[in-house]
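The values are calculated or read from the model by the stated rules, or taken from the named source; none is laboratory data. Keep in mind it's a predicted model, so treat the numbers as computed, not measured. In this analysis, Cβ positions are derived from the backbone assuming ideal geometry, glycine residues included, and neighbour counts consider all displayed protein chains. Just so you know, the surface numbers come from the protein's heavy atoms only, side chains and all, with ligands and any DNA or RNA stripped out. Shrake-Rupley method; radii C 1.70, N 1.55, O 1.52, S 1.80 Å.
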Amino acid sequence: MTIFKKIIDREIPADIVYEDEECLAFRDINPQAPVHLLVIPKKEISAVDALSPEDKTLVGHIFLVIQQLAKEFSLEDGFRVVTNNGLLAGQTVPHLHFHLLGGRPLLWPPG
């Protein structure tokens, strides 16, 4: 069981800023920007490469939630959405998640 599943199940606390039947968003415990939220599906999907065609509606829903959160957190001037897939990309939790970052200039390249 991943740490994100434990957050979904309320086994460990998190600063949850959004929740519906399909996904959950909470503040990252090690923020890299003034706004750094993690948006995760409640369905256990390990990574982008584990998505199936049946997940396309879920992923679309998550991106609409990200759009809503960007508005709620006043990120009109810009924000970044990041997801890592695999160890070489820096994925440390094997549960699909999207980082919503904003509130400061974000440089490129990111890593």
Sole exception among (1) open to solvent by 70 Å² or more (accessible area, probe 1.4 Å); (2) part of a loop (DSSP other than H, G, I, E, B); (3) modelled with pLDDT of 95 or more for P109, by number | (3)
Of the residues in segment 6-16 that are open to solvent by 40 Å² or more (accessible area, probe 1.4 Å) and outside any loop (DSSP other than H, G, I, E, B), the one that is nearest to V81 (Cα to Cα) is I16
Cβ pairs under 9 Å, 6+ apart or interchain, first in segment 32-55 and under 19 Å from P110 (Cα atoms), second among the basic types (K, R), ordered by first then second residue, are A33/R80; A33/R104; P34/R104; V35/R27; V35/R104; H36/R27; L37/R27; L38/R27
Give the residues of segment 65-108 that are small (G, A, S) and in contact with a Lys or Arg (Cβ under 9 Å, 6 or more places away or on another chain), sorted by residue number.
-> G102
Residue list for segment 19-74, restricted to those being among the β-branched types (V, I, T), touching a His at 6+ places or on another chain (Cβ under 8 Å) and in a loop (DSSP other than H, G, I, E, B) | I45
Residue check: is K42 over 21 Å from G103 (Cα atoms), surrounded by fewer than 18 Cβ atoms within 10 Å (Cβ to Cβ) and within 12 Å of the chain's Cα centre (by Cα)?
-> yes
Which one of these does N85 not meet: (1) open to solvent by 50 Å² or more (accessible area, probe 1.4 Å); (2) free of Cβ contacts under 8 Å to residues at least 24 places away in the same chain; (3) of a type outside the set (F, W, Y)?
-> (2)
